[in-house]
Amino acid sequence: LKGHRGITGNELADKLAKQGAAIKINESKKLSLYNAFMKTNLPIVKKNNPDLEHKDAFKLVVSI
C-alpha cells in the first residue's frame, strides 16, 4: 500500500501478506466445517478445563 511506504512495520506486514497470499492450499488438506470447529475449540476447552478428560472435553465442544 502506498500509505505504508517508509514505515518499517507496515512494509513488513505488506511483505508477509503477499507471501501468505501466494501460498497454495492443498485441496486434500481442507477441513470440513465440523473438523475446523473442533480443531479450533477443543484446545480452548481443554486449556480452560485442564482436569477434564479428552473424551469429556470432546463431548463439551460437541454440545456447543
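Suppose we keep only residues that are outside any loop (DSSP other than H, G, I, E, B) and at pLDDT below 75 within the stretch 23-51. Which one would you say is most open to solvent (accessible area, probe 1.4 Å)?
Selected residue: LYS29.
What pairs come out if I take residues in the stretch 10-34 that are on the phi < 0 side of the Ramachandran plot and pair them with residues that are at pLDDT 75 or above whose C-beta lies under 9 Å away, six or more apart or interchain?
LYS30/ALA36; LEU31/PHE37; LEU31/MET38; LEU31/LYS39
Please specify each residue of the stretch 30-54 satisfying the condition of being under 14 Å from ILE64 (Cβ atoms) and among the charged types (D, E, K, R).
LYS39, LYS46
The values are calculated or read from the model by the stated rules, or taken from the named source; none is laboratory data. Just so we're clear, the structure is a prediction, and the values are computed from it rather than from any experiment. Every residue, glycine as well, gets a Cβ built from its backbone with ideal geometry; the counts of neighbours run over all protein chains shown. The accessibility values were calculated without ligands, DNA or RNA, using every heavy atom of the protein model including side chains. Shrake-Rupley method; radii C 1.70, N 1.55, O 1.52, S 1.80 Å.
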